[in-house]
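Every number in this text was worked out from the coordinates using simple rules, so none of it is lab data. Note that the structure is a prediction, hence the values are computed from the model and not measured.
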Amino acid sequence: MSEWYYAEGNRQRIGPLPDENLVELYRSGRIGLDTLVWREGLPQWRPLGDFADELALPAPA
């Protein structure tokens, strides 16, 4: 299980959050596939959609 951060707005970094919390934020519509996320080991922030398979994100409605 990873500890994730996500970007909200231009400057605010939120986290760390476990996988399940990040997925719940996506399911509730608070973040989208274009939301930038980061975890230890990544060289840079990337869109959440890059991790859709890894996190088993449900398809957008």
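Key figures
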quantity: Under the Karplus curve 6.51 cos²θ - 1.76 cosθ + 1.60, θ = phi - 60°, whole-Hz ³J(HN,Hα) for the range 4-9, x wherever Gly or Pro sits; calculated: 9, 10, 9, 8, 10, x
quantity: Correct choice for Rg/Rh (Cα atoms, Kirkwood Rh) that was computed from the model, options (1) 1.01; (2) 1.08; (3) 0.91; calculated: (3)
quantity: Helix-derived mean residue ellipticity, 222 nm - over the chain, DSSP H n ≥ 4, -39500 (n - 2.57), to 500; calculated: -5000 deg cm²/dmol
quantity: Relative contact order computed over the chain (Cα-Cα under 8 Å; 6+ residues apart), in percent; calculated: 29 percent
